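A short reminder: the numbers here are calculations on the coordinates, not readings from a lab. Just so it is clear, the structure is predicted and the values come from calculations on it, not from any experiment. Here the Cβ positions follow ideal geometry from the backbone for every residue, glycine too, while neighbour counts run over all protein chains shown.
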Amino acid sequence: MKILKISALIIGILIVLLFGGFWIWSEMTYEASEELSSLVSEEDIIREDGVRFLPESPNGTGVIIYPGARVEPEAYSYIGASLADEGYTVLIPEVRFNLAFFNIGKADSLVGEFDEMDTWVIGGHSLGGVAAASYAYDSEVDGVFFLASYPQGSNDFSGSSLPMLSIYGDRDGLTTLEDIDDTSTLLSAEAVFHKIEGGNHAQFGVYGEQSGDMDATISLLEQQNDIVAAMLKWLDEKVK
């Protein structure tokens, strides 16, 4: 009996240590870089459950962006502000442990806050896109977009007519061209693919360099503007 108690105590301590280590790692986030302040006005950023960008004249379409793993929501502010300038309501939420996969259903509460919206699209960067696809697979949305991302194998949209957009860079060291090609059959028949020549993984946000990534051959602003243009074209032609 004494051995069992000691074993249980040791197991309990190991669990606490493992969770503690995981929590510390999850809090070591990629924050928005100083460059963001020159791209987005502080007055345009609404800090509420992440960041939000509310247009002066809403067009009835809401855009939810799940952040990449351990990336702060604010890092996607340029994309959010640019879409809001065109009438889109953009919500970039905080997620549990800074990993969207632990908070896949986060979109439910956001949609509930804005019941005046007629249309909702959801997507995300990297792991955030994987989580967004999982949400969309079991929920009613009007479109899904992937920013250097793709759905996991269990989320097969190939038999669906759901509007989808995949934006990826040819200098991405984390979501590679091979990854995009290998998972392309999981996307719907309506999927649009947009390659950013010279774009890498980290420049899908504004948070600096990321370990394992390649160097981009275009500027941050060029890549961000390419992302925004591709999203606006897709939203206008395929979703609205």
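Quick look at the values:
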quantity	calculated
Karplus (6.51, -1.76, 1.60) ³J(HN,Hα), θ = phi - 60°, over the stretch 30-42, in Hz, Gly and Pro reported as x	8, 8, 4, 7, 4, 4, 4, 5, 8, 9, 10, 6, 4
Pairs of Lys in the chain closer than 24 Å at Cα, counting only those 8 or more apart or on different chains	4
Simple Cβ-charge dipole of the chain, Lys/Arg +1 and Asp/Glu -1, about Cα centre, in debye nearest 20	1180 debye
Mean residue ellipticity (222 nm) of the chain, computed from DSSP H runs ≥ 4 via -39,500 (n - 2.57), nearest 500	-9500 deg cm²/dmol
Axial C-alpha extent at least 24 Å, average Kyte-Doolittle at least 0.0 - helices from the chain (DSSP)	2-26
Alpha-carbon centroids, the stretch 141-201 and the stretch 59-106: separation in whole Å	18 Å
Under-5 Å amide H pairs with residue 160, H placed in peptide plane, nonlocal only	189
Relative contact order %, the stretch 31-239, counting alpha carbon pairs below 8 Å whose residues are six or more apart	18 percent
Kirkwood estimate for the stretch 31-239, i.e. one over the average of 1/r between Cα atoms, Å	16.6 Å
